[in-house]
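Novice: Before I ask anything, here is the structure I am working with.
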Amino acid sequence: MINKIWSVLNGKRSIRVQMLWACILSLILTSISRTIIEISRRLFPDSFFEVSSFTLFFALFIFFFFVLTSRTIRYFGVITDGLQSIAGGNLKYRIPLSRQDELGNVAHNINHMAEQLQQQMEKERQIEQSKMELITYVSHDLRTPLTSIIGYLDLLKTPKYHDEAEQARFINNAYNKTQQLKKLIDDLFEYTRLTNGDVRLSFQEVDYHSLLKQIISEFEPVANEQQITIVQDISPLPLLIHMDIEKMVRTIDNLLTNALKFSIRPGEIKVQLTAQEEHVILSVENVGKPISLEQEHQLFERFYKMEPSRYEYNTPAGSGLGLSIAKHIVELHGGRIWLEHHEGHYKFCIEINKTHSTI
């Protein structure tokens, strides 16, 4: 209690109390000075003394008041200089916090404002950099299959093929490249819609088990061709969940495709569906080359590719948007997606709520 009273009286946290103390001390010091002058009264004429005493009283009061408040006034100058520096574009500047009163709070708020502006500027720079990366990646990814298509069409137009079998091969290759080009454009369009919020999910009640089994049955022939076995741990019992079927199919397909691209041959992909009290967790596991912790953090970022692995085993290159699209779709379902990785063992997990309401 005593400490609280003393904290209020000493004025460290209030400019009003500081000004009050400055006035009181100025009056005390001025009174002492006037007393000293009264002692010297005999040395001056009465009329001259009255004028000099009156003028000197106010002069001394103003002098003492300025001296006692000089520290506060100097800090006003520090704040003003700080604001000018920040307004001039030096967002790294911070006003020294040497007071605990209202001026200290003002300085703290100005520093906080400068920090927020600095973060906003940094965010805008990152957005601008992302735009440039978007243009670069899209240009590269679209140009590669387009160049191949033009090359095959040129061979067919010349014609520079030897027989009908080679002609059919050129046509087939050109068709495959057009499909790859279409997928790249579809991924880019889907990602843009998801990130801009220009999408509404169409929720339906679906048997998650049956849907997953159907997706795996369609995926298995492709995996078997590349010496990958699909291992299922899925209960035959119905598991009704509200979800956007089309979007969730795309998410699961992206995870399976990603596991296929990065799996060591021969190998296996394990798909497990676990129902908990409030959530359902789908996991897709595979074994591939180990990656660093930094690479783990970047996997769900747009356009992130692990180039050496994507082109192994004659697997077509993707857009680098698959996992990012999957992440956005899962979050739109009110769920979350994450990776558990240990020395090349990958386990991607999707968790969604059983009671997620429809929109």
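The values are calculated or read from the model by the stated rules, or taken from the named source; none is laboratory data. What you see is a predicted model; the values in this text were computed from it and never measured. All Cβ positions, glycine included, derive from the backbone under ideal geometry; neighbour counts span all protein chains shown. These area figures cover heavy atoms from the full protein model, side chains too; ligands, DNA and RNA do not enter into them. Shrake-Rupley method; radii C 1.70, N 1.55, O 1.52, S 1.80 Å.
Novice: Six or more apart or on different chains, Cβ under 8 Å: which pairs go from a residue in the stretch 131-152 that's surrounded by fewer than 17 Cβ atoms within 10 Å (Cβ to Cβ) to one that's outside any helix (DSSP H, G or I)? Could you list them?
Specialist: Hits for this filter: GLU133/PHE303; LEU134/ARG302; LEU134/PHE303; THR144/ALA317.
Novice: Give the residues of the stretch 164-180 that are closer than 26 Å to GLU301 by Cα and surrounded by fewer than 18 Cβ atoms within 10 Å (Cβ to Cβ), sorted by residue number.
Specialist: The answer is THR178, GLN179.
Novice: Which ones in the stretch 231-256 are of a type in the set (Val, Ile, Thr) and surrounded by fewer than 19 Cβ atoms within 10 Å (Cβ to Cβ)?
Specialist: VAL231, ILE234, ILE245, VAL249
Novice: Could you list, in sequence order, the residues of the stretch 110-150 that are over 21 Å from SER324 (Cβ atoms) and in contact with a helix residue (DSSP H, G or I) (Cβ under 7 Å, 6 or more places away or on another chain)?
Specialist: Residues satisfying the conditions are ILE110, ALA114, LEU146, SER148, ILE149.
Novice: Checking PRO159 against (1) more than 19 Å from the chain's Cα centre (by Cα); (2) assigned to a helix (DSSP H, G or I), which test does it fail?
Specialist: (2)
Novice: From LYS177, LYS183, which residue is touching a Pro at 6+ places or on another chain (Cβ under 9 Å), on the phi < 0 side of the Ramachandran plot and in contact (Cβ under 8 Å) with a residue 40 or more places away in the chain?
Specialist: The unique qualifying residue is LYS183.
Novice: For the stretch 75-111, name all the residues that are crowded, with 16+ Cβ neighbours inside 10 Å, hydroxyl-bearing (Ser, Thr, Tyr) and assigned to a helix (DSSP H, G or I).
Specialist: Within the stretch 75-111, TYR75, SER85 meet the criteria.
Novice: How many of the residues in the stretch 196-225 are open to solvent by less than 60 Å² (accessible area, probe 1.4 Å) and assigned to a helix (DSSP H, G or I)?
Specialist: So the count comes out to 9.
Novice: Another question, if that's okay. If you go through the stretch 199-221, how many residues are in contact (Cβ under 8 Å) with a residue 40 or more places away in the chain and small (Gly, Ala, Ser)?
Specialist: Counting residues in the stretch 199-221 that are in contact (Cβ under 8 Å) with a residue 40 or more places away in the chain and small (Gly, Ala, Ser) gives 1.
Novice: Could you list, ordered by first residue, the pairs with Cβ atoms under 7 Å in which the first is in the stretch 262-290 and in contact (Cβ under 8 Å) with a residue 24 or more places away in the chain and under 17 Å from HIS333 (Cβ atoms) and the second is basic (Lys, Arg) and open to solvent by 10 Å² or more (accessible area, probe 1.4 Å), at least 6 apart or interchain?
Specialist: Matching pairs, first to second residue: GLU278/LYS354; HIS279/LYS354; VAL280/LYS354; SER283/LYS347.
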